[in-house]
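Okay, structure first, notes after.
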Amino acid sequence: MRAQEYLSNFWSDMTELFETYVTVLSVRNIVDILLVAVLVYFAIQLLRRSNAISVMKGVFLLLIVLFLSQILQLYTLNFLLMTTLQVGLLAFVVLFQPELRKMLGQVGTTTNLPIGRSGANYLEKCITETVEACGILSQERQGALIVFERRVVLSDFSQTGTLLDASVTSGLLRNIFYPKAPLHDGAVIIRGGRITGASCMLPLTTNQTISRDLGMRHRAGIGMSENTDAVVVVVSEETGTISAAVGGMLKRRLAPETLEKLLRIELLPSDSKNGKKGQVFGRFLRKGD
C-alpha cells in the first residue's frame, strides 16, 4: 500500500506540473525545450562513441536503487545514496573529463565554411590521387596514414610534424611514405585538397576492446577519428590492407574502389549527386567488420 500511495502521489504531482507548464507554454518555453533536447542528443551521441556509456549505465542503476530504497523505506541506504548524489556534479566532471574536453575542443575549433563547386572538384581530384596512391602502397606493402580534415581544424596536429602546402598527387604521397624517406614515419594531414603537414603525430585510441592485431598506425587512426571528425585512411605495412576510420569506427579490408566511394561520401558536399544514397552507404561502412 505504501508503494502504491507513493506512486499515486508521484503521478499526481507530475500530472499537475505538466498541466501547469502547458498552460504557460510560450515560444520561449518551446525554444528552451528544443535547446535542452539538442544538448541531450549530442551528449548521448558523444557517450555512444566512447567508453563512458558503461559509466552511464552504472549511474542509471544507482538512480534505480535510490528510487527503490525510498519506496521500500531503506533509510540507511537511501541516506548514503543521497549523500553520494550531492557530489554528483563534481564526480561527473571527473569521470567524463576526456569526453568533456573533446566536446569543448570541437566546439572551439569547428569551422562552418561551405565547400563550393570548385572546391568539390578539387577534392574529387584529391580523392582520386589518394586512392591511386593507396592502391600502389597496398600492393607494395608500404605503410601509410592519411588524415582528411573536415569541420574540426587540425592545425595543432599539423604543427607536430613538418608543415607543407602542396597539392595532393599520387606520386607525392608515395614519396612521403617511402620507407627510407625522412617524412614517412607519421601522418599526412590534408585540408581542402592540399597537404598541410607530414610526419605528424596523432593521439592513440584508449579503447581497450579493439583487436590486438592492430598496430600503431591503426590505433592512431582510430584515436584521431575519436577525438575529431576527421576521416583517416590507413595502409598496413605488414599486410597491405587498406582501412578507414570514421567516428571511432574502423572499416578494414577495403578495396580501392570501396575506399573511393567512402571518401566521396564523407568528404564531398551532401547535396552532390546521389547524396542521399551516399549517406546510407556511409552509415553502413561505419559499422564494424
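All of the numbers you see were taken from the coordinates with simple rules; none came from a lab. From a predicted model like this one, the values you see are computed outputs, not experimental measurements. All Cβ positions, even for glycine, are placed from backbone atoms using ideal geometry, and neighbour counts span all protein chains on display.
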Simple Cβ-charge dipole of the stretch 131-192, Lys/Arg +1 and Asp/Glu -1, about Cα centre, in debye nearest 20: 80
Mean Cα-pair separation over length for the stretch 148-216, i.e. relative contact order, pairs under 8 Å, 6 or more apart, %: 36
Hz values of 3J(HN,Hα) by residue in the stretch 160-167 - Karplus curve (6.51, -1.76, 1.60), Gly and Pro given as x: 7, x, 9, 6, 9, 8, 9, 5
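In percent, what relative contact order does the stretch 117-285 have, based on Cα pairs under 8 Å that are 6 or more apart in sequence?
Working: 325 pairs, mean separation 42.8, N = 169.
The normalised contact order for the stretch 117-285 reaches 25 percent.
Ranked from highest to lowest mean number of other Cβ atoms within 10 Å per residue, what is the order of the peptides 160-172, 130-142, 222-234?
Details: 160-172: 15.0, 130-142: 19.8, 222-234: 23.9.
Highest-to-lowest ranking by the protection proxy: 222-234, 130-142, 160-172.
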